[in-house]
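Undergrad: Encoded as structure tokens, here's the structure I'll be asking about.
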Amino acid sequence: MSNTDLIIEERSRDIGDFLVGRLIPFRKKRMVGPFIFIDHMGPAKLGPDKYMDVDQHPHIGLSTLTYLMEGSIMHEDSLGTRQLIEPGSVNWMVSGSGCSHTERTPDQLRQDKVEFTMHGYQIWIALPKELENALPEFHHIDANELPNWEDGTAKFTLVAGTGYGKTSPVPVHTPLFMIDIKTTADYDLCIADKLKGEVGVTIVEGGVIACDKAVSAGNMLVSKTENVCNLTIKANSHILLFGGEQLPEQRFIHWNFVSSSKDKIEEAKQAWRNKTFPMMDNDDSYVPLPRS
């Protein structure tokens, strides 16, 4: 990576060629390509008395991408969707003009009354301006539908978008990529001419060496030099590459709402307060709009 790169972890620190922080949005890096929010779920032990129950909440102006390493989640939404997601598959919800959903531990895991691990990522990708008011959609893609390949000691899965001459079946709306990489031994990663746009690296397990600096799991690196990213992934590591071409307009974010227009966000906030927002028919739970 170049000396214009960033590393992102929870508290910012400068290690020379990199700025460090944990997740986006981050005060010095609000987006990576069209990716505007990344939430690391776990790893956490759940059951038999502790489960995941995210009540009904709204979104506009973005697509949610749910990707699990362990555990399972039942997704339900205001479109009438009911879809179980398990490790390696993708849930892709396009909120567009407005969609509500819940995410809960499936009934089967509750009935089994056993302890299990929950681990994955919830990712928001901003829609292009012309699709911010589009009708909501939901898509599920099984793990065996995603392109995967091996190169030396690394195994690749193209979760979404286009990269390395391959295209994922996830129906994205802008040029982007998300790639899962696991290694069995040290692996030199070079993405020159393999990906287009800004490049982010999330270290799930293990670590990488970048600019002679060791960066461990839980951190994020961001290269501001498009299409160029060289680093060594350590043995028995797991990383996610993500990014793509930047959107031409600024994006505003408030709670679960993303838009190029502050007025649209205000309209969505008011609709959620008044419960005139698209709501689910089979779930009367409700997460109130935060006061701040």
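Undergrad: I want the local charge near Lys155. Using Cβ-Cβ distances under 12 Å, sum +1 for each Lys or Arg and -1 for each Asp or Glu among the other residues.
TA: My count for the surroundings of Lys155 gives -2.
Undergrad: Tell me the mean residue ellipticity at 222 nm calculated for the chain from its helices only (DSSP H runs of n ≥ 4, each -39500 (n - 2.57), averaged over every residue, nearest 500).
TA: Taken over the chain, the calculation gives -2000 deg cm²/dmol.
Undergrad: Also, quick follow-up: How about Lys264: which lysines have a C-alpha closer than 24 Å to its C-alpha, ignoring those fewer than 8 places off in the same chain?
TA: Answer for Lys264, where 24 Å is the Cα cut-off: Lys29, Lys129, Lys275, listed by chain and number.
Undergrad: What ranking of Cys190, Cys211, Cys99 comes out by heavy-atom accessible area, probe 1.4 Å, highest first?
TA: Ranked list, largest accessible area first: Cys190, Cys211, Cys99.
Undergrad: Let me ask something else about it. For the range 195-202, in order, what is each residue's ³J(HN,Hα) by Karplus, 6.51 cos²θ - 1.76 cosθ + 1.60 with θ = phi - 60°, in whole Hz (x at glycine and Pro)?
TA: 9, 10, x, 5, 10, x, 10, 9
Undergrad: Then there's this: Where the Cα atoms of the range 113-160 are projected onto their three principal axes, how long is each span, largest first, in whole Å?
TA: Principal extents (Cα only, largest first): 42, 40, 17 Å.
Undergrad: How large is ³J(HN,Hα) for each residue in the range 88-100, as worked out from phi by the Karplus curve 6.51 cos²θ - 1.76 cosθ + 1.60 (θ = phi - 60°), to whole Hz, x for Gly and Pro?
TA: For the range 88-100, the Karplus curve yields x, 8, 10, 9, 10, 10, 8, 6, x, 6, x, 8, 10 Hz.
Undergrad: Can you tell me, using C-alpha contacts under 8 Å and at least 6 residues apart, the relative contact order of the chain as a whole percent?
TA: Reported as a whole number, the value is 22 percent.
Undergrad: Explain nothing, just the number: dipole magnitude of the range 109-251 about its Cα centre with +1 on each Lys and Arg Cβ and -1 on each Asp and Glu Cβ, in debye rounded to the nearest 20. Numbers along the way, then the final one.
TA: Working: 12 positive and 19 negative charges, 45 e Å.
Magnitude of the dipole: close to 220 debye.
Undergrad: Can I ask one more? Counting residues in the range 189-267 as N, plug N into 2.2 N^0.38 Å and put the Cα Rg over that result.
TA: Cα Rg divided by the expected 2.2 N^0.38 Å: 1.38.
Undergrad: Could you rank Asp284, Asp112, Asp188 by how accessible they are, 1.4 Å probe, largest area first?
TA: Asp284, Asp188, Asp112
Undergrad: Next question. When the solvent-accessible surface of protein heavy atoms is calculated with a 1.4 angstrom probe, in what order do Met279, Met52 fall, highest first? Walk me through the intermediate numbers first.
TA: On the way: Met279 55, Met52 30 Å².
Listed by decreasing accessible area, they come as Met279, Met52.
Undergrad: I've got another one for you. Need the full-extension length gain, Asp53 to Asn144, defined as separation in residues times 0.36 nm minus the C-alpha distance. One decimal, nm.
TA: That works out to 30.0 nm of additional length.
Undergrad: Can you compute the charge dipole magnitude of the chain about its Cα centre, using +1 on each Lys and Arg Cβ and -1 on each Asp and Glu Cβ, nothing else charged? Give it in debye, rounded to the nearest 20.
TA: Approximately 800 debye in magnitude.
Undergrad: While we're here: Loop-only trypsin sites (Lys or Arg not before Pro) in the range 41-138, please: DSSP not H, G, I, E or B, and at most 11 other Cβ atoms within 10 Å.
TA: Details: sites: Lys45, Lys50, Arg82, Arg104, Arg110, Lys113, Lys129; in loops: Lys50, Lys113.
In loop regions of the range 41-138 (DSSP not H, G, I, E or B), the sparsely surrounded trypsin sites (Lys or Arg not before Pro) are Lys113.
Undergrad: Using +1 at the C-beta of Lys and Arg and -1 at the C-beta of Asp and Glu, which of Thr183, Gln122, Thr162 has the Cα lying farthest in the positive direction of the dipole of the range 112-223?
TA: Checked the options; the winner is Thr162.
The values are calculated or read from the model by the stated rules, or taken from the named source; none is laboratory data. Nothing here was measured: the structure is a model prediction, and the numbers come from that model. All Cβ positions, glycine included, derive from the backbone under ideal geometry; neighbour counts span all protein chains shown. Ligands, DNA and RNA are excluded from the accessible area calculation, which covers all protein heavy atoms including side chains. Shrake-Rupley method; radii C 1.70, N 1.55, O 1.52, S 1.80 Å.
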